[in-house]
Amino acid sequence: MTVKGQSVQQFLQNSDKVNASLSQLIITVTTACKEIADLVERSSILGVEGLANSINVQGEDQKQLDVMSNDVMVEHLSAIGLLDAMVSEEIEDVIDIPSSYSKGEYLICFDPLDGSSNIDINLSVGTIFSILHAPKNNHKTSVDDFLKTGEEQICAGFCVYGPSTMLILTIGAGVFGFTLDKESSEFVLTHPDMSIPENTAEFAINMSNQRYWEPPVQRYIAECIAGIDGSREKNFNMRWNASMVAEVYRILVRGGIFMYPIDKKIAQQGGKLRLLYEANPMSFIIEQAGGVSSSGKQRIMAIKPDSIHQRVPVILGSKNEVDRLVSYHQ
Ligand code: P6P
């Protein structure tokens, strides 16, 4: 029984899909996220909203907060004895658990600070995570142990650091939203059983890439923009937050379709968003809330990764709109 107002700890204790170790792992992630939320909120005071003068494995300029958020996640997660290894957007190789700590039965992939180009303009950013079972044998965890399809995730979630700090979580039995109560420093259940409307009139895409899009996306967006005067016979609204966590949260609340499709500019790298710690966890959440998540050619959660930082095209959100755009790709 999920009761609004209950803490995430109570929610996990009451769930029959979560054992004590998975519960502790999730709570540790939330503790790290609370620390990251505080760093984000105070970034201008701390003077850390700028660049770190370093490039990450993605070839992107790292923000100081990217590095600090990654360090917070690694520090909290290394010490609990529940993980066999980790993958972070900010680190090229698999992150081993230091020999001074015991290992555990799970693997975790995370983007410690998604949307970090929003930090210095005070817009929403977030942390995305995906939890898998570690291999049962006792060999040293390698890259191959992370190359699982999204269907093998046992838990996925994200925190969005916005006007409210929120935790969105799925353990395979629906999607639940928790709001950080600054007075108690507890995440409390405010959005039980989140469900995405099958229809929408709101699309999210970076329009500045239009000249690079493939024909199916060109057609779909042109129809949305034609609105009531075109074949869709209804007007559409557009949003673009440059922060996947903010887009996905909006879609969970009121529906919508979010697209970062393949385009000529990024074709050689396979897309923009990363499979293991962006597309897969968000797809798990979207599907658990009744939505659809596709590359345009296949279900995201069925894609077998070939590297830990693999990128994929992403089209996700309200079922009937994603299905329509996927049909244009056929
Ligand atoms: P663009 C943030 O860097 C991110 O990975 C997603 O959170 C977001 O949806 C997208 O990239 C924004 O990309 O090209 O608009 O900066």
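The values are calculated or read from the model by the stated rules, or taken from the named source; none is laboratory data. Computed from a predicted structure; not experimentally measured. Every residue, glycine as well, gets a Cβ built from its backbone with ideal geometry; the counts of neighbours run over all protein chains shown.
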Scope segment 252-265; condition surrounded by 19 or more Cβ atoms within 10 Å (Cβ to Cβ), more than 12 Å from the ligand (Cβ to nearest atom) and either in a strand (DSSP E or B) or of a type in the set (V, I, T) (or both); matching residues: I257, I262
Positions within segment 216-245 being touching a residue at least 60 places away in the same chain (Cβ under 8 Å) and away from the ligand (no atom under 16 Å from the Cβ), in sequence order: P216, R219, Y220
Options V188, V248, V175; residue that is within 16 Å of the ligand (Cβ to nearest atom) and closer than 30 Å to L12 by Cβ: V248
Residue within segment 60-76 that is touching a His at 6+ places or on another chain (Cβ under 7 Å) and modelled with pLDDT of 95 or more present: no
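Sort through E183, E198, E247, E233 and tell me the only one that's assigned to a helix (DSSP H, G or I), modelled with pLDDT of 95 or more and not small (G, A, S).
Just a single option satisfies the conditions, and that option is E247.
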All positions within segment 276-325 that are β-branched (V, I, T) and in a helix (DSSP H, G or I): I285, I286, I300, V322
S327, sole failed condition from (1) of a type in the set (G, A, S); (2) crowded, with 22+ Cβ neighbours inside 10 Å; (3) without any contact (Cβ under 8 Å) to a residue 24 or more places away in the chain: (2)
Options I266, I225, I257, I262; residue that is more than 20 Å from D114 (Cα to Cα) and either assigned by TED's automatic domain parsing to the domain that holds E287 or in contact with a Lys or Arg (Cβ under 9 Å, 6 or more places away or on another chain) (or both): I225
